[in-house]
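Visitor: Shown below is the structure under consideration.
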Amino acid sequence: MSLTVLNNGGGSSSIELAKANAILDKYDSWDIKREALIPVLQDFQHEYGYIPAPIAALISQRLDLTLPEIYGVATFYTDFKVLQKAEHRILLCEGIACYMCGSKGLAKLVKEKLGIEHTEVTPDGKWTVERANWCFGACNLMPIVEIDHTVYGNVTAEKLSQLIDDINTGKFKEHHH
Amino acid sequence: MNRQQFHELQARLAGQRKALFENNTVIQVMMDGGSILSGAKQTYEYFKKEIASRGLQNVVVKMVGSFGAMWADPTVFISKPGSPRVLYGFVDTKRAGELLTRFVLGDDPCANWSLGWVSNDPYHYPDFAWAKAPDEEWRGILPIGRTEWGKLQHRISGRNLGFIDPEDIEDYIAIGGYKSLEKALLDMDPQKVIDEVKASKLRGRGGAGFSVGTKWQSTHDETRMPKYVVVNGHEGEPNVFKDRRLFEGDPHSILEGLLLGCYAAGTGDAYIYVGSEHPLSFKRIGIAVEQARKAGFLGKNILGSSFSCDVKVIIAAGCYISGEASAMLYGIQGLRGMPRVKPPRSYEAGLWAQPTTVNNVESFNNVPEIILRGGAWYAGFGSEKSKGTKLIMLSGPFKRQCLAEVPFGGPISDSINIVGGGSSDPKHPIRAVQTGSVSGGCFPPSMFNIPFDIDAFGKWDCLLGSGSFTAYTDQQCLVDAAYYVLRYNRDESCGKCVPCRIGNEGLTEMLWRIKSGDGKEEDVEKMLQISDLVIEHSICGLGQAAPLPIRNMLKIPEFKAELMEHIINKRCRANVCSMDHADNKKLGFGTGVRANHQYK
């Protein structure tokens, strides 16, 4: 490929080929290319927040895997996203204790306030809400909400509503927890 | 490093550790994934800053792994020369400041904030049972073995939790770490190691409860090379956090157990598979592996023996089902993590179709102590069929949400009412306890005398699983709990077995209908039929356990009455279910079925 910048299918960001290749270069020494697929995808997920289509094509070329193989893995594991997501992500902890003791109410609040359900994105592309089908391991803080990789404990509907407002209006500052 | 050098190193580090506690005031802040969310990092930094700015001499701030007292997070230990190590709860920066002035600088031990005192050496406690130590009350502070929370605890697997700095191999060696590796490599042959593990009757701690010794023997007996040993640390269930607390609090003993497993299997290729949900776990196990490599416990000719071994840490990519043993092996190979039909078992065809031992973190963690003290010692605890002790996790409206460890054999009410302290609010007593997280049903208080034993729960369609207990009071609805478990399993089903993929969807939909007030009496019979079908025709533990809450609910009269109330009277006594005839594609049910992705 002679291009230095790949067109990301109309996506908002462009992808530097050199940087992408540099990530892939790290795995050149692996004997079994297939084994490197998940670490490679993790790197790209970390870099871009999702797996852009041109990157999937590049992985396919470099690791000698077919696109269905790559997308098969990328869509199976919950850590990978194949589509560009919203600006802010609300992650509601839905471990049993959190679900039974309050996160249902939070899901309801998000639906009422932002008009979105689980995995949907608001029309302005600002918000998405996801369900954490695992545990944060801090069940004394239930219910737990994570917004953009910051975790909040003992969240009530009012507190979550306030947080969303603060982020929306840019008044947001690092809270404790 | 040879044997002589190892002994010298150990003596030196043990002396250093002893001198540290004898000459200094040591403040240990418990830093784990959970307590950091409660503000442990701020407390830790506050202590560091204050001590530096006040120029205090002989005061050392250290971090340790979780001690398990999660309800009181952030927690710290403070030990002054000549006084025991006192555990304090709810230590935010404000309380930290008070403790600093009143106890560290003054002489008031603040007994009302204390949760008990704990020795700084896990081997102080005979057999690691806290209550067995003949400790005295110190200035109004009870020894941990005489507190309500601690009196039943018997910490074999979690022996080092809260005692050592998890990011420092020297701390682990100082309290006797890698001794059992030394004993095995230099004094025992692999068969002898396996015999000890067999004699301990240790059963797998991941949920299935398969004998660890038998697994190790099978891999040992396979002659095909290469062979692999894998630690399954992909802990994806909700309300289960024992493996990550072990990774975060005592990574070296997992590594030591893994090395013993490799030695027993006769291989030098090992993997540690850690869930991506626990960033601190893979950070700390990564540090542990690096330190062990540097110190010579990994690599060529370990401790002067002919045994060589190296470990790879693999970070998973999420997804609950890829924590199943066979699925996990596919995950390591870079494939979709879907379970497969067994046999062949993993000792016949595991990683790259080679013989592989796969065990849970907690299983490996027990092994060093078994080798050191003998299998018979371990088999002396627990019930007839389940030997030893088990980490339990209490969550929900308990008085004490915590990580604890109790021996098998006692009634589960011990764990619920003594370790957990019953309900957090006496006005809302516990009316059911969910066992085994998302694989199994609940027990009502009338059945809390059922023994805590791997095999005892099956009759009631509950599973001990990984040892999680979640309490429900009259604020929670049991139909809602069953709906949650079914929905969870539906979401996490890999879809390979059709009955699981479609059956769980159907069951979830029926429970949603019942919750919305549209249940019909014939649903009960239908749900039972589908449940049996799903259980019978699924190949892995997820499918076989998913419909258990429904069968459990129909077996236990109290729960059945509640379900029938929902169906016939359209009433939810906990006032949780909406009963609003909601369309089942609305709130709580949608999984993003409506595509809203816009391709340009």
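The values are calculated or read from the model by the stated rules, or taken from the named source; none is laboratory data. On a predicted model such as this, the values are computed, not experimentally measured, just so you know. Neighbour counts are summed over all protein chains in view; Cβ atoms, including those assigned to glycine, are modelled from backbone coordinates with ideal geometry. To get the accessible areas, we keep the full protein, side chains included, count just its heavy atoms, and leave off ligands, DNA and RNA. Shrake-Rupley method; radii C 1.70, N 1.55, O 1.52, S 1.80 Å.
Visitor: Only helices at least 18 Å long along their axis, Cα-based, and averaging 0.5 or more on Kyte-Doolittle count here, so list those DSSP H runs from chain B.
Guide: In chain B, the long hydrophobic H runs are B:251-265.
Visitor: Where does the protein assembly as shown land at 222 nm, in deg cm²/dmol rounded to the nearest 500, when only DSSP H runs of n ≥ 4 count, each adding -39500 (n - 2.57), divided by all residues?
Guide: On the way: 26 runs with 285 residues, N = 777.
When only DSSP H runs of four or more count, the value is -11000 deg cm²/dmol.
Visitor: Which net charge results for the neighbourhood of B:Met553, defined as the other residues with beta-carbon distances under 10 angstrom from its beta-carbon, given Lys and Arg at +1 and Asp and Glu at -1?
Guide: So the surrounding residues net to 0.
Visitor: Mind checking A:70-77 for the average number of partner chain beta-carbons within 10 Å of each residue's beta-carbon?
Guide: Shielding by partners across A:70-77 averages 4.
Visitor: Take the alpha carbon atoms of the range B:469-510, find their center, do the same for the range B:164-190, and report the distance between the two centers in whole angstrom.
Guide: Centre-to-centre (Cα) distance: 43 Å.
Visitor: Sticking with this one: What size of dipole, in debye to the nearest 20, comes out for the protein assembly as shown about its Cα centre when the only charges are +1 on Lys and Arg C-beta atoms and -1 on Asp and Glu C-beta atoms?
Guide: 220
Visitor: What residue among A:Phe44, A:Phe136, A:Phe76 shows peak mean-square fluctuation when chain A is described by a Gaussian network model with Cα springs under 10 Å?
Guide: In this elastic network of chain A, the residue with the biggest mean-square fluctuation among A:Phe44, A:Phe136, A:Phe76 is A:Phe76.
Visitor: While we're looking at this one, here's another question. Distance between the C-alpha centers of the range A:102-177 and the range B:261-331? Whole Å please.
Guide: Rounded to whole Å, the Cα centres lie 35 Å apart.
Visitor: Give the accessible area for B:Glu45 in Å² (nearest 10); use a 1.4 Å probe, count only protein heavy atoms, and leave out ligands, DNA and RNA.
Guide: 100
Visitor: OK, next. When Lys and Arg each count +1 and Asp and Glu each count -1, what net charge do the other residues less than 11 Å away from B:Val534, Cβ to Cβ, add up to?
Guide: 0
Visitor: Once you have a ≥ b ≥ c as the square roots of the Cα gyration tensor eigenvalues for the range B:424-542, tell me rounded if a/c is under 1.5, and otherwise prolate or oblate according to whether a/b is larger than b/c. Show your work: numbers first, answer last.
Guide: On the way: a/c = 1.98, a/b = 1.31, b/c = 1.52.
Oblate shape, in that a/c is at least 1.5 and b/c is the bigger or equal ratio.
Visitor: Estimate for me the total accessible surface buried between chains A and B (protein heavy atoms, probe 1.4 Å, no ligands or nucleic acids), in Å² to the nearest 100.
Guide: Chains A and B together bury roughly 4600 Å² of accessible area.
Visitor: Run the dipole for chain B about the Cα centre, Lys and Arg Cβ at +1, Asp and Glu Cβ at -1, nothing else charged, and hand back the magnitude in debye, nearest 20.
Guide: Taking the Cα centre of chain B as origin, the dipole is about 560 debye.
Visitor: Compute the accessible area per residue over the protein assembly as shown, keeping the other protein chains in place, probe 1.4 Å, unit Å².
Guide: Numbers: 28920 Å² over 777 residues.
Result: 37 Å² per residue.
Visitor: Using Cα pairs closer than 8 Å and at least 6 residues apart in sequence, work out the relative contact order for the range A:88-169, in percent.
Guide: Relative contact order for the range A:88-169 comes out at 37 percent.
Visitor: Just check the range A:88-169 against the gyration tensor rule for me: Cα atoms, a ≥ b ≥ c as the square roots of the eigenvalues, rounded for a/c under 1.5, and otherwise prolate or oblate depending on whether a/b exceeds b/c.
Guide: Note, shape of the range A:88-169 comes out prolate.
Visitor: Any chance you could check the Cα centroid distance between the range B:44-76 and the range B:85-127 for me, in angstrom?
Guide: Comparing the Cα centres of the range B:44-76 and the range B:85-127, I get a distance of 10 Å.
Visitor: If the viscosity is 1.567 mPa s and the temperature 4 °C, what translational diffusion coefficient in µm²/s does Stokes-Einstein give for chain B when Rh comes from Kirkwood over Cα pairs? It would help to have the intermediate numbers written out before the result.
Guide: Details: Rh = 25.3 Å.
Value of D from the Cα-based Kirkwood radius: 51 µm²/s.
Visitor: Next question. Going toward the positive end of the dipole of chain B, with +1 on Lys and Arg Cβ and -1 on Asp and Glu Cβ, which of B:Gly318, B:Tyr46, B:Ser35 do you reach last?
Guide: Value: B:Gly318.
Visitor: Can you pull the percent of the protein assembly as shown's accessible area that's carbon plus sulfur, 1.4 Å probe, other chains left in place?
Guide: Answer for the protein assembly as shown: carbon and sulfur cover 52 percent of the accessible area.
Visitor: Give the residue from A:Val121, A:Asn168, A:Ile96 lying farthest towards the positive end of the charge dipole for the range A:88-169; charges sit on Cβ (+1 for Lys and Arg, -1 for Asp and Glu) and the dipole is referred to the Cα centre.
Guide: The one lying farthest along the dipole's positive direction is A:Ile96.
Visitor: Here's a follow-up. For the pair B:Lys183 and B:Ala353, what calculated FRET efficiency results from E = 1/(1 + (r/R0)^6), where r is the Cβ-Cβ distance and R0 = 45 Å, to the nearest 0.05?
Guide: 0.85
Visitor: Order these peptides, B:430-442, B:142-154, by their mean beta-carbon neighbour count within 10 angstrom, highest first.
Guide: B:430-442, B:142-154
Visitor: Something else about it: Could you give the size of the charge dipole of chain A about its Cα centre, using +1 on the Cβ of each K and R and -1 on the Cβ of each D and E, expressed in debye and rounded to the nearest 20?
Guide: 340
Visitor: Compute the Cα gyration tensor for the protein assembly as shown, then decide on rounded, prolate or oblate, letting a ≥ b ≥ c be the square roots of its eigenvalues: rounded whenever a/c is under 1.5, prolate when a/b is larger than b/c in the other cases, and oblate in all that remain.
Guide: rounded
Visitor: Excluding B:Glu222 itself, what net charge comes from residues whose Cβ is under 13 Å from its Cβ, given Lys and Arg +1 and Asp and Glu -1?
Guide: +2
Visitor: Follow-up question, since we're still on this one. Go through the range A:129-146 and flag every residue whose accessible area shrinks by 50 Å² or more with all protein chains in place compared to the isolated chain (probe 1.4 Å).
Guide: In the range A:129-146, residues shielded by partner chains: A:Arg131, A:Asn133, A:Trp134, A:Cys135, A:Gly137, A:Cys139, A:Asn140.
Visitor: Peptide B:573-580: average number of partner chain Cβ atoms within 10 Å per residue?
Guide: 1
Visitor: Per residue of B:330-342, count partner chain C-beta atoms within 10 Å of its C-beta, then hand back the mean as an integer.
Guide: Mean shielding by partner chains, rounded to a whole number: 4.
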